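Notes to accompany the following structure.
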Amino acid sequence: MKRGLIVVFTGEGKGKTTAALGLAMRALGHEYRVGMVQFIKGPWKSGELISAKRFEDLMDIYTLGRGFLLDAEDIEKDKEAAKEAWEFAKDIIIKSKYDIVILDELTYLIKYKMVEEDEVIDFLIKKPDKLHIVITGRDASSRLIDVADMVTEMKEIKHPLNGGIKCQKGIEF
């Protein structure tokens, strides 16, 4: 049976967005069109944004967040940005411009009630049949896990930050 899948990368460990980008690389090799909406990440230059330029005919990354929520000075602005980003994501999904849409950090929008979980689940259930959707973020809800076709949980065993090693280009960003 061929149909678009819903894939979730969740868990406390590093690698959720990286796994989604690895999946995107595989898809780009088959000339699939990939769109990525980054809900939380801010406007800083990341490796994925630089790499996406090399695939500009097949991949678009939309960084619509204001930065990490823990650093939020004005949570209302974050909520508004999250709602606007969700509306944007729904629009590109409905328009079916892409074969795969990555919803990076979507789980946080649900967890922090920036968007209604019922709305997200209902929308995902009604997505275009052939479209693959990849969702990343910690704390995926049980309902999101239930609606997904594939779920992978990242578990941290060891991380360099715990040993005082700073984030490194190409590994963390």
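Any read-out appearing in this document is the output of simple, stated calculations on the displayed coordinates, not a laboratory observation. Small disclaimer: the values here were computed from a predicted structure and weren't measured. All Cβ positions, glycine included, derive from the backbone under ideal geometry; neighbour counts span all protein chains shown.
Some observations on this one:
- Selected from Val120, Val134, Val34 as most flexible by GNM, with the chain as the system and alpha-carbon contacts under 10 Å: Val120
- 16 Å Cα-Cα reach of Lys169 towards lysines, excluding residues that sit fewer than 8 places from it in its own chain: Lys14, Lys41, Lys45
- Straight-line cross-link reach from Lys127 at under 16 Å between alpha-carbon atoms covers these lysines, not counting any fewer than eight positions away in the same chain: Lys2, Lys90, Lys95, Lys97.
- Top of Ile40, Ile93, Ile50 by mean-square fluctuation, Gaussian network on the chain, Cα under 10 Å: Ile50
- Lys111-Tyr32 pseudo-label distance in nm [points 7 Å out on the Cα-to-Cβ vector]: 2.6
- For the chain, a Gaussian network of Cα nodes joined below 10 Å ranks Lys45, Lys90, Lys16 by mean-square fluctuation, and the top entry is Lys45.
- Three principal axis extents describe the C-alpha atoms of the range 6-163; from largest down they are 38, 37, 28 Å.
- Dipole magnitude (debye, nearest 20) for the chain, charges at Cβ of Lys, Arg, Asp, Glu: 640
- Computed over neighbours whose Cβ is under 12 Å from that of Leu124, the net charge equals -2, Lys and Arg +1, Asp and Glu -1.
- Remark: the Lys53-Asp122 segment gains 21.5 nm on full extension, using 0.36 nm per residue and subtracting the alpha carbon distance.
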